[in-house]
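Visitor: Before I ask anything, here is the structure I am working with.
The values are calculated or read from the model by the stated rules, or taken from the named source; none is laboratory data. Please read these numbers as outputs of a predicted model, since none were measured by experiment. Counting neighbours? That spans all protein chains shown, and the Cβs are built from the backbone with ideal geometry, glycine included. Calculation scope for accessible area: heavy atoms of the full protein, side chains included, ligands and nucleic acids excluded. Shrake-Rupley method; radii C 1.70, N 1.55, O 1.52, S 1.80 Å.
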Amino acid sequence: MEELLKSWGLYQPEIIQSMKDNEVDLQTLPLLEEEDIKLLIPKIGLRRKFMRGWQERYKTVAISPFSASAVELLDPDESSFCMPTVFLSDVASTGTASTESISGEDVAGQHPHLRLESDSPTTPFEAPPLKRQNAVMFDTLQILSETESGRDVIKAVQTDKLLTKRNRHTMVTILVGHLLTHYGPNPGSFEKSSLAQSVCRAFPCLKDPDGVTGYEAYYMKGARGRPATGYLEEHLRYVRKTLKYKKPPVSEEDTSSEAITVTVEVTSDLQEKIAWMKSNSGPRHTVKDFMAATFNIRKEWIGGSTHSLAEVIEEFPKILDPLMITQDFTKLFKDVKMEFIKEWPNYSNNIIEYASLMQINWKSQLDIDVDEGCLTREEKDNLALLLLPLMFGTRSKTKRGGRSAKSDHAASFIELKLEHTHVPSYLLGIDSSSRPQPFILGLYANSKLAPSQVFVILERHAIEVKSLSEGVDICYKAHYVFNLEYQHHCHGVWQFIDSNIYGKIDSKNLPAAVRAFRAFMSSTASSHGLPPS
């Protein structure tokens, strides 16, 4: 406040003391009326100087095609709170360089809660302006105050000056629900940046003092091939993943942020079920019923940022059972086809044929020397699975500037080891930073196409399954049950499985290689007895 008054030529102790006595700060300053100013500054000369600076800062704004001005959203009922900055996009479309002045009274007539602010130094809690400006307005405090849980978060943060994991999960869920309601599942980076910025303006104690913007923990735009990060982005990503499949129509009552942010109540009965499953392995039907009863708790834990995957597995160890993964996946996506093991043989011959036609040197890359005509049905199915990374894998640059080998992609999808491999030691040796999970591990004695043991590797746990086909099925479902991203090298492989086997509806972003194979499948459908893709 002192610096602002000094810039207006008003660094008089009597004015500063008058502001302090009347509890006028930077947040309440723009809300003053002229009558208030007369009471604060009785001397006419000083009051005129104050009025000139005050009106220049808060009552008019100049907008040109080459500059944008900040707008702050103010709620008269909560004037003591710090409100989010909002940006006006370039308003001139004629391409001229003329500057147009807009009266604050004209704007206030249409938007009574908007305060226009001229280009001035940013406040200590205001991030640098974005390179491109966008008319996006968020009021974190208003959004949170619409629900009881949100009001509890406001009270807790303002009292304790910190945000616990549980409160952070609640706040992020509410804000993402608001974002979904107004901008859909794919809001732009400007919307997300503005929302993240509004969080730190509403709660200055949450701002990172060493960050560039200060709100990187809630949203940071991706750059140079790296994806966007932050609590808001991560929860949005989870929501988008669950929206990939068709869902039944939602009534108007269910679209409110209150409906989106319902927190599961962990009753004593559910606590007893969770405790029982930690110390009992059967009977099987009881475990299945208890896992179904506690599904919503796991969904909330996994969907939020309060609990890590290791904590979820520790609390619900039975989730590492293939049948329980399938059960949770079924609850998430009731209408999705889940006949991978049954459907896969219909694709195997086509994949092997297509690989040969595309002149993929798969025998040397997979280190397999076989005669396709002498393979059993199961061996053909396994070979087709091993070929997928060679056909649809994503090649990336290595540290030395070259390209990663496709044989490395095969191992990132299904890794094959000799039968004498000590699995516990293998799990301890996994570097999660260079080896994302989940993936499939197969142990073989004589033939890579006939593994004797198969595991799905997840969080350094080995989930044993009966076959490679079942391993792929469980691994695919684990991505959704545990809210995991597809591995980069295998992204195209999982997209192929997603769109062809499980019937994913949205196929706009399929890789070109997957589209080419689908065209091949369609052209040969009649000869292979398959319906067109």
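Visitor: If you take just the strands (runs of 3 or more DSSP E) that sit entirely in region 427-466, which of them hold at least 2 residues that are open to solvent by 30 Å² or more (accessible area, probe 1.4 Å)?
Guide: In region 427-466, 461-465 are the strands (runs of 3 or more DSSP E) which contain 2 or more residues that are open to solvent by 30 Å² or more (accessible area, probe 1.4 Å).
Visitor: Sticking with this structure for a sec: Which pairs turn up if I take residues in region 358-377 that are farther than 25 Å from Ala513 by Cα and look for partners that are acidic (Asp, Glu) and modelled with pLDDT of 85 or more with beta carbon separation below 9 Å, at least 6 apart in sequence or on another chain?
Guide: Val370/Glu379
Visitor: I've got another one for you. Just checking, how many residues over region 2-18 are under 19 Å from Arg48 (Cβ atoms) and within 44 Å of the chain's Cα centre (by Cα)?
Guide: Residues meeting the conditions: 3.
Visitor: Something else: From the residues in region 476-533 that are among the small types (Gly, Ala, Ser), over 21 Å from Leu357 (Cα atoms) and in contact with a Ser or Thr (Cβ under 8 Å, 6 or more places away or on another chain), which one is modelled with the highest pLDDT?
Guide: By that ranking, first place goes to Ser499.
Visitor: Let me ask something else about it. Read through the list (1) loosely packed, with under 15 Cβ neighbours inside 10 Å; (2) over 43 Å from the mean Cα position of the chain (by Cα), then give the number of the only condition that Leu26 fails.
Guide: (2)
Visitor: Residues in region 323-342: is at least one of a type outside the set (A, V, I, L, M) and over 30 Å from Met277 (Cα atoms)?
Guide: The answer is yes, given that some residue of region 323-342 is of a type outside the set (A, V, I, L, M) and over 30 Å from Met277 (Cα atoms).
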